[in-house]
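The values are calculated or read from the model by the stated rules, or taken from the named source; none is laboratory data. Keep in mind the model is a prediction, meaning the values are calculated, not measured. For neighbour counting, all protein chains shown are included, and Cβ atoms are generated from backbone atoms with ideal geometry for every residue, glycine included.
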């Protein structure tokens, strides 16, 4: 017997148990001998899961330094130390260590998922050894052992069942099934999924009822639980979108630093003739100034604030970066059982001979009604009898523990109790009136349960429930409102099929008054064939009410919800439709997933949202397939079968109450209330966190740009550095972070859940952000240099001038904080700054810190500062006010000229389907790009080294090294002359300024044209149609705005009226209600106002496009070629509308028009 044959999980369930015993050389009556068990234990090892290698605390700490920006800082610090500048080196090193410590503390929780799985294993087992039952340690079980199972046992290994007596196992954690699985000894199909292997008992699952004998076929890592353990260990958690963007951002900064450093060093050494140390100091200063050292700390704190906000909404974050990931989620893959549903069975439908009923309620809770045609049902005899069967023919119990209902026994039976209560029955009273005197217990062989009861008057009642086909076979009558009628078998079979098609589990309820039995002890064969059928019920694990609303909100936010469950295909599709997922029919089963290759599965997940009978491998493959399509995936679940997929997903979400420890440890987020709706709230917070990080970055970077420009201008112009490297670090690490924290507390925007998910391929800074960073950086440069030279003009010392420069920079930051709370909206009102209560606290903290920086002797010695005279401060704040107004003017121009579109408008839900580029091609492109960039960097460094060697050897013995490079004005002029292009009459291609179709060419080839002459026309019809559409849309938007304004006015008047009435009558609830109505009306009015602005912008765009249908000659010249009528053109792209051979340079100078797009 080979290991492969022994440990082949695909084979055992497909073999008859006799063949399995033969292959394992095991006797079901005696088991293994002690000596054989010991031999096999040595051969196959202990029945325990292997432990994976863990990363120790030191490795986790050193891992924090694996960052390109940290490498640059460490290199700069090392060189500083080698040059004897120990203070600068200490500060740089301290910054790096602080950031590493923050990251280390953030990752403090060790991964415990594998340990949690090991804890699921049983500690001991009852097995046959040497022909006798013995209790043995579970880790000593070996393949071939005969294990005895009974109710309440945790199964210690994977078993092929040999003998079964009414065995039912709770496999929800392994398969996702919401009800216990009935077990048998009959072999099943070889391709059966884990949930359909009824002849197997799996390690870690629980015996709910019955007893059985099984032979061990797999132990340790070879069990189903062991396979999940191996899958979990093999799955690598993905990097979050934010971390990927920050990493890309770091590489970009590193490249910019490298390029600028090489250029500055070369210029300083070979043009400015600076000594090596001084040139290197300048390079280090630029590197330190450009790197936003405080950014990691600020991001960590912003994420931590998001964690606190999410905790208030019952979402517990285990890994900090996962906070932001929620903001970019585009698809949520949810497990059904316990996540979208209650994981509590409930009677949802009832059918009698006279009517069909719907049953409302919430799981095991007794609240709810019996409805017929949407109205409360009247008392009916058949319904009352069904209630009696539900209450008395029942062996389970329902108990309320800490406000949560718990079922003891079969969940299906337990669900019948609330049904009886909804019918007005008292279970305890009915049991006293009709005590049970005999029973036929439920067994899978006969599929029914019967109980015999006797009343006080001696009358006997037999109540029966079970599978419809079995109960119908024992009935000859049915109860109706008119009395007993002959059984209509076709009617009942059709009703049972209809309930089953709705995903409900069907039970038939019947009874008989005064049955006659010939013997005292009842058995399955004693069930009469003359039962009266009362009706049938359909049971289901109902959807959570709040989950239905949450799914709808996700759809509104452009997030697609997909159900992945271990339940049957029909049940999954039916429940999904109730939740608003799928069409109620389309679903893909696990066997179909098994037959698909990765490409086919990748196509299937584009159109299907319901996947049933999914094993752990299937769930993992589904998550990978969705990610391969470029979507950001959140995976929810509560069973151990969900753990590998949870770990692989961009963010795994586990259930806190009903979830296993395995899923909690594999997930990045845990829902404390098991409520799918909490995910929606968490997504809202995640989007807000990213927005705040983006705002904070946009606030910090201009300061870095300004500092780098200060040093760069000083090198180029040849004056002393206005700010030193330690002072730069102070600004970056202290004041920028303190002020940036204020932005971290910004509340979420009202429309944050009406936007499409953020595309993670988008850079963290868009085009408008880059412009804003450069603009603010230059403005801060001017402000800082103005303060520095003003102090130098007053004959201030270098220390005082630098201190004033630093304080001016910080004052500019404070005023820019007021600007940056709103990207383009005005900040010129007091009300604009009242939304964030942390704003004055942050400003006050920075003022105190700057006063210490300026006047505290220890900090003066550390940073080289000097006390600033009090009469200087008013001028600094005046400069800050001018800077504030300058930024507001820029924002005004952006609004006035419609440049807001540069920063990217809000995306409508559903417009983003692909948010992440496929990894393989991107990696290939990145690799090629990085290769040439690396070669360019190496050549630049080699050129610097070569230049230094050249300078060294060209230096005269009696001449200092610094005097070798003597720049010549003549040589500079010669270079400029050589670079000037020669005159040319090369044709100039003229492109359209907007997309369209050419309908006329007005200038013939060879014709002479003037600048501004119209030479081609585009078809204006589509633009005119667009203007008509946009005008119509604007009119409708204005109507909605007027209507919402009227509602606001009415609500305002109502609030004022109730407020005045409150003084006379205690009417606070009415006032609060009126205020709530006003808030909703105001929010609607704001939305309608934004819609009007959007419609006006769209109309302006359409009108501009119409104005650009005429294509004019940008310069005078001769038409050298023309396009063809009917050709479709795009702005700035071939084909050209026409080409012009320009006149001589002096004729064309200054004649070009900005409205044309020309390219030589």
*Single residue of segment 138-164 satisfying the filter (in contact with a strand residue (DSSP E or B) (Cβ under 6 Å, 6 or more places away or on another chain) and either surrounded by fewer than 19 Cβ atoms within 10 Å (Cβ to Cβ) or without any contact (Cβ under 8 Å) to a residue 24 or more places away in the chain (or both)) that is farthest from residue 207 (Cα to Cα)*: 163
*Matching residues, segment 838-866, being free of Cβ contacts under 8 Å to residues at least 24 places away in the same chain and outside any helix (DSSP H, G or I)*: 856
*So residue 606, is it within 22 Å of residue 543 (Cβ to Cβ), in a helix (DSSP H, G or I), outside the structural domain of residue 197 (by TED's automatic domain parsing) and at pLDDT 90 or above*: no
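Taking the condition of being assigned to a loop (DSSP other than H, G, I, E, B), more than 44 Å from the chain's Cα centre (by Cα) and within 12 Å of residue 1016 (Cβ to Cβ), how many residues in segment 1085-1125 meet it?
Counting residues in segment 1085-1125 that are assigned to a loop (DSSP other than H, G, I, E, B), more than 44 Å from the chain's Cα centre (by Cα) and within 12 Å of residue 1016 (Cβ to Cβ) gives 5.
Please tell me if residue 737 is closer than 25 Å to residue 793 by Cα and either touching a helix residue (DSSP H, G or I) at 6+ places or on another chain (Cβ under 9 Å) or part of a helix (DSSP H, G or I) (or both).
It is false that residue 737 is closer than 25 Å to residue 793 by Cα and either touching a helix residue (DSSP H, G or I) at 6+ places or on another chain (Cβ under 9 Å) or part of a helix (DSSP H, G or I) (or both).
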*asked:* Residues to consider are 677, 667, 682; find the one that is touching a strand residue (DSSP E or B) at 6+ places or on another chain (Cβ under 7 Å) and either at pLDDT below 85 or within 17 Å of residue 233 (Cβ to Cβ) (or both).
replied: 667
*asked:* Being farther than 19 Å from residue 571 by Cα and either within 34 Å of the chain's Cα centre (by Cα) or in the same structural domain as residue 441 (by TED's automatic domain parsing) (or both) is the filter here; which residues of segment 192-215 pass it?
replied: 202, 203, 204, 205, 206
*segment 193-215 - residue that is touching a helix residue (DSSP H, G or I) at 6+ places or on another chain (Cβ under 8 Å) and not in a helix (DSSP H, G or I) and, of those, modelled with the lowest pLDDT*: 193
*Could you check how many residues of segment 563-578 are crowded, with 22+ Cβ neighbours inside 10 Å and touching a strand residue (DSSP E or B) at 6+ places or on another chain (Cβ under 7 Å)?*
8
*Mind listing whichever residues of segment 628-648 are more than 27 Å from residue 191 (Cα to Cα) and either more than 17 Å from the chain's Cα centre (by Cα) or at pLDDT 90 or above (or both)?*
629, 631, 632, 633, 634
*Can you name the number of the only condition in (1) touching a residue at least 12 places away in the same chain (Cβ under 8 Å); (2) assigned by TED's automatic domain parsing to the domain that holds residue 405; (3) surrounded by fewer than 24 Cβ atoms within 10 Å (Cβ to Cβ) that residue 321 fails?*
(2)
*closer than 15 Å to residue 677 by Cα and either part of a strand (DSSP E or B) or assigned by TED's automatic domain parsing to the domain that holds residue 630 (or both), is that true of residue 548?*
no
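Residues checked against (1) under 26 Å from residue 725 (Cβ atoms); (2) touching a residue at least 24 places away in the same chain (Cβ under 8 Å); (3) touching a strand residue (DSSP E or B) at 6+ places or on another chain (Cβ under 9 Å):
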| residue | (1), (2), (3) |
| --- | --- |
| 767 | no, yes, no |
| 770 | yes, no, no |
| 786 | yes, yes, no |
| 802 | yes, yes, no |
| 805 | yes, yes, no |
| 819 | no, yes, no |
*Determine which single condition residue 232 fails, assuming it passes every other condition in (1) surrounded by fewer than 24 Cβ atoms within 10 Å (Cβ to Cβ); (2) under 30 Å from residue 406 (Cβ atoms); (3) at pLDDT below 80.*
(1)
*Do the conditions hold for residue 470, that is, is it at pLDDT 90 or above and either under 24 Å from residue 369 (Cβ atoms) or outside any strand (DSSP E or B) (or both)?*
yes
*Unique match (being under 16 Å from residue 708 (Cα atoms) and either assigned to a helix (DSSP H, G or I) or modelled with pLDDT of 80 or more (or both)) among 297, 282, 266*: 282
*Among the residues of segment 1105-1115, is any free of Cβ contacts under 8 Å to residues at least 12 places away in the same chain and more than 30 Å from residue 992 (Cβ to Cβ)?*
no
_On the basis of being within 36 Å of the chain's Cα centre (by Cα), assigned to a loop (DSSP other than H, G, I, E, B), outside the structural domain of residue 657 (by TED's automatic domain parsing) and within 25 Å of residue 569 (Cβ to Cβ), does residue 177 make the cut?_
yes
*Filtered residues of segment 609-627 (kept if at pLDDT 90 or above and assigned to a loop (DSSP other than H, G, I, E, B))*: 609
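Condition check ((1) in a strand (DSSP E or B); (2) within 40 Å of the chain's Cα centre (by Cα)) across all residues:
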position: 278; (1), (2): no, no
position: 319; (1), (2): no, yes
position: 337; (1), (2): no, yes
position: 350; (1), (2): yes, no
position: 353; (1), (2): no, no
position: 361; (1), (2): no, yes
position: 366; (1), (2): no, yes
position: 383; (1), (2): no, no
position: 387; (1), (2): no, no
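Which count do you get for residues in segment 748-758 that are outside any helix (DSSP H, G or I), under 20 Å from residue 633 (Cα atoms) and in contact with a helix residue (DSSP H, G or I) (Cβ under 8 Å, 6 or more places away or on another chain)?
3
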_Any residue that is buried (at least 21 other Cβ atoms within 10 Å of the Cβ) and over 23 Å from residue 391 (Cα atoms) - is there at least one of those in segment 505-523?_
no
